[in-house]
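Encoded as structure tokens, the structure appears first; notes follow it.
The values are calculated or read from the model by the stated rules, or taken from the named source; none is laboratory data. As the structure is a prediction and not an experimental result, all values here were calculated from the model. Reconstructed Cβ throughout: ideal geometry from the backbone, glycine too, with neighbour counts over all protein chains shown.
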Amino acid sequence: MDSNLSLRGVSRRRFLLDTARGTAVWVLAPSVINSILTNYAEAKEKVGLFEPSTDTYEKLISVALSRGGEFADIYFQYSILNGVTLEENKIRQAQCGISMGVGVRVISGEKTGYAYSDDLSFESLKKAAEVASYIAGNVPTGKLTSVDVSPRKVKPISPININPNEVAVKEKSDLLWRANKSAYEEDSRVIQVMGSFWDSLKHITVANSNGILAKDQQIMTRLNVTVTVEEGEQRQNGYYGGGGRIGFDHFDKFTPEFVAREAVRMAATNLEAVEAPAGMQTVVLGNGWAGILLHEAIGHGLEADFNRKKTSLYSGRIGEKVASDGVTVIDEGIIPNRRGSISIDDEGEPTRKNILIEDGVLRGYMCDHLNAKLMGLKPTGNGRRESFKHYPMPRMTNTYMLPGKYDPREIIESVKSGFYAKSFGGGQVDISNGNFVFQVTEGYLIEEGKITRPVKGANLIGVGPEILSKVEMIGNDLELDSGIGSCGKNGQTVPVGVGLPTTKIASITVGGTAIKGKSMIGNT
């Protein structure tokens, strides 16, 4: 249920009642928003007020299993999303949104029943449990199984110094004003600046029929800047931003001035860019954000559901050579403060460091509870969902390649003629055959061992497993992205991180026509 509320004449009791039953979104003056629900302590109080009791979780699991399901879990979520946007030298919008609800899942063999409710009354939650049980398709047992859950200790992995939910909207707006000023001062050709600051607080609880009760609190913060530059009749855009599971003090170092200058630099570089040459070329991938190619072209193919269904090129290949020597790919959800990091996944399983490919050999898949059970494997902490309205599935967290031994300059100098891909935008991949195409948003020619002219309109086209087998040199400069990635799968979007050292690929097809594909760039 979505509701638009005006705060005039709304009592505190009524306000709490309305927001408890669904999602509320306001577009209000910053001073008003700052006085409601952006206070961290008040938010925690509301979680305690609205969250179902342990006894309720146990009763719901019993109802969910009343038709003989093998496994059931309950997922509770309470979220606050705050946002401020700047455009055309004005603070255009300030927002505060609240989302709350419970999802119930029942697993029986390969069948999954899922239902959710944003009404937290016991009758509504019981109805959701009954529906999920019915969808799983078993025969009623006529009795309720007693279920006891006990708290699992969850270790926080992302320490927060200054919680953004406790920061005044004016201070968040000041970051945007600083970015705006810096962008216009950086280059006289700047004609437009757009900025946004987003932060969110999410509290989750997972209870399941294995007796687990796990709670986590997740913070997300992000600053984005987009600029437009104009020279003659030509206009180009540049974008930069970042964040993660960080406090407001992160922007003392990752300053809005730096973000704005990077956006301007990218836009100005595009003004000078030449058309991309097409054809098979030696390609050097830049470190950091270029890791999205690894995420899309290889990472998705290592998620357990695709391999269980044998729709991935990596199905049944554990222990086989799938990449060049030296290629080690990791998915790790426990890196402090990274965008893709979580203490527990959305099934209550602790996240961890999972080795997917080790020195070129496939070692394992990323698993959720269902696919691990069906494949005879163990969950890896990769069961993720967008919200209480969605069932979990295997998803990546922070996916990266370990560094090698080469200095990045040595890698560039080894290429007589080739292409340097520093940053990417939209992309598409076919899991069944590994074919991918990615739009390069910042790329350069490599001529006689030097990075020279910037290019525009370039795409990289290839096959994921083939690319891994063509890795010739791996740099010693592993870097994770600045915190801008969001990944879509089966209609669900979750925050992720990527990383890559400078990497030389013997050959990739470079196309010269820009594509329109899904983007990895998300909000909070």
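Things worth noting here:
- Subset of segment 60-93 [out of contact with any Leu (no Cβ under 6 Å at 6 or more places or on another chain), touching a residue at least 12 places away in the same chain (Cβ under 8 Å) and either in the same structural domain as Pro392 (by TED's automatic domain parsing) or more than 27 Å from Glu347 (Cβ to Cβ) (or both)]: Asn82, Gly83, Val84, Thr85, Glu87, Glu88, Asn89, Ile91, Gln93
- Per the listing Ser158, Ser188, Ser182, the residue uniquely of a type in the set (Ser, Thr, Tyr), surrounded by 20 or more Cβ atoms within 10 Å (Cβ to Cβ) and part of a loop (DSSP other than H, G, I, E, B) is Ser158.
Table: residues versus (1) of a type in the set (D, E, K, R); (2) surrounded by 23 or more Cβ atoms within 10 Å (Cβ to Cβ); (3) over 30 Å from Gly243 (Cα atoms); (4) in contact with an Asp or Glu (Cβ under 7 Å, 6 or more places away or on another chain).
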site	(1), (2), (3), (4)
Asp325	yes, no, yes, yes
Val329	no, yes, no, no
Ile335	no, no, no, no
Gly340	no, yes, no, no
Ile344	no, yes, no, yes
Lys373	yes, no, yes, no
Pro379	no, no, no, yes
Met396	no, yes, no, yes
Met401	no, yes, no, no
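- Any hit, segment 134-142, residues being buried (at least 20 other Cβ atoms within 10 Å of the Cβ) and under 26 Å from Phe50 (Cβ atoms): no
- Against the conditions (1) assigned to a loop (DSSP other than H, G, I, E, B); (2) crowded, with 20+ Cβ neighbours inside 10 Å, Phe306 satisfies every one except (1).
- Single residue of Ile446, Ile451 found to be within 15 Å of Thr502 (Cβ to Cβ) and in contact with a Leu (Cβ under 8 Å, 6 or more places away or on another chain): Ile451
- Checking each residue in segment 44-70 for being within 23 Å of Ile219 (Cβ to Cβ) and of a type in the set (A, V, I, L, M) picks out Val47, Leu49.
- Breaking point among (1) of a type outside the set (Gly, Ala, Ser); (2) buried (at least 21 other Cβ atoms within 10 Å of the Cβ); (3) under 18 Å from Pro392 (Cβ atoms), for Met100: (3)
- Taken as a whole, the condition of being small (Gly, Ala, Ser) and either within 23 Å of Asn165 (Cα to Cα) or not in a strand (DSSP E or B) (or both) applies to Gly242.
- Long-range neighbours under 6 Å by Cβ, at least six apart or interchain, first residue assigned by TED's automatic domain parsing to the domain that holds Gly238 within segment 205-227, second of a type in the set (Phe, Trp, Tyr): Thr205/Phe76; Val206/Tyr75; Ala207/Tyr57; Ser209/Phe71; Arg222/Trp198; Leu223/Phe197; Val225/Tyr240; Thr226/Tyr239
- All of Gly286, Gly232 fail the test of being at positive phi and out of contact with any helix residue (DSSP H, G or I) (no Cβ under 8 Å at 6 or more places or on another chain), apart from Gly232.
- Among (1) under 29 Å from Glu320 (Cα atoms); (2) of a type outside the set (Asp, Glu); (3) touching a Lys or Arg at 6+ places or on another chain (Cβ under 8 Å); (4) crowded, with 20+ Cβ neighbours inside 10 Å, the one test that Lys489 misses: (4)
- Test: residue in segment 226-237 that is over 30 Å from Arg105 (Cα atoms), among the β-branched types (Val, Ile, Thr), touching a Leu at 6+ places or on another chain (Cβ under 8 Å) and part of a strand (DSSP E or B): yes
- Where Ser315 falls short, out of the listed (1) surrounded by fewer than 19 Cβ atoms within 10 Å (Cβ to Cβ); (2) farther than 30 Å from Glu70 by Cβ: (2)
- Subset of segment 191-208 (residues that are crowded, with 22+ Cβ neighbours inside 10 Å and over 22 Å from the mean Cα position of the chain (by Cα)): Val193, Ala207, Asn208
- Subset of segment 423-474 [under 23 Å from Thr397 (Cβ atoms), crowded, with 23+ Cβ neighbours inside 10 Å and of a type in the set (Gly, Ala, Ser)]: Gly464
- Scanning segment 468-511 for residues that are more than 20 Å from Ile431 (Cα to Cα), in a strand (DSSP E or B) and charged (D, E, K, R) yields Glu472, Glu479, Lys504.
- Meets criteria (modelled with pLDDT of 95 or more and either surrounded by 18 or more Cβ atoms within 10 Å (Cβ to Cβ) or not aromatic (Phe, Trp, Tyr) (or both)) for Gln95: no
- Residue pairs whose Cβ atoms lie under 8 Å apart, separated by 6 or more positions or on different chains, with the first residue in segment 336-352 and closer than 16 Å to Met393 by Cα and the second part of a strand (DSSP E or B) and among the basic types (Lys, Arg), are Ile342/Arg384; Asp345/Arg384; Asp346/Arg384.
- Comparison of Val274, Val283, Val259, Val264 shows that the only residue that is within 26 Å of Ile508 (Cβ to Cβ) and at pLDDT 95 or above is Val283.
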